[in-house]
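**Q** Quick one: the structure is below, questions incoming.
Just so it is clear, none of the values below were taken in a lab; they were calculated from the coordinates. Treat the numbers as computed from the prediction; the structure is a model and nothing was measured. All Cβ positions, even for glycine, are placed from backbone atoms using ideal geometry, and neighbour counts span all protein chains on display.
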Amino acid sequence: MKHSTLVPAALLALAACAARNTVTPVETQTQAISTTTAVPMAVAMPSRETLLQDVQRSRDNVLKYLDAAPDSMLGFRPVPGVRTFGEQIEHAAVANPFIVTLAFTGKMPAVRADTATYRRSKPALRAVVNESYDEFARLVRNATEAELTRSSTFANMTRPGWQWITGAIDHSSFTIGQTVPYLRLNNVTPPTFLPF
């Protein structure tokens, strides 16, 4: 088999995994690269320091996107039935500690009550973003080895705790990516995303 056919096959397999948004247990996860060869994908838990750096980078991205928008954009929605820009920013931040708390404890965390106020005020929304990321970082910093390695199921996915952390960061990145059209429709150039 030529190398030129391996690349499209690998890309299709990766795209299929991304489209399903699923993660299988490490022991059974493989990446097919040809019809006769499969290579196991070894997935190692990142260090706590790396996880905390990723949490901070995620926070920085969310804040950059919030700061780029004028105050008048917080209530903007490109079409009926979708979140407003302010709701997207809130979701990108607040979902992180929600996901990790649920994965670590199995209990539904408390939900913020007064969303009407902070979704309409950039300083208030900025404070919510920072509070959410402070809680997210605290959860990562204080996680026990058992919490990081124990598998739990949420949203029909079973993962070890550390993968819930990285999954929450991925979710935040995806949600921020959804705000690019919001910004462009308001003649705002989206900030540079910090991927690494």
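**Q** Distance from the Cα centre of the range 154-196 to that of the range 59-91, in angstrom?
**A** When both Cα centres are located, 13 Å separates them.
**Q** Here's something else I'd like to know. With Rg and the Kirkwood Rh both taken from Cα atoms, where does Rg over Rh land for the range 48-185?
**A** Details: Rg = 15.1 Å, Rh = 15.3 Å.
That ratio equals 0.98.
**Q** When ranked by the protection proxy of mean other Cβ atoms within 10 Å per residue, highest first, what sequence do the peptides 141-148, 83-90, 58-65 form?
**A** Working: 141-148: 13.4, 83-90: 22.5, 58-65: 20.8.
Highest-to-lowest ranking by the protection proxy: 83-90, 58-65, 141-148.
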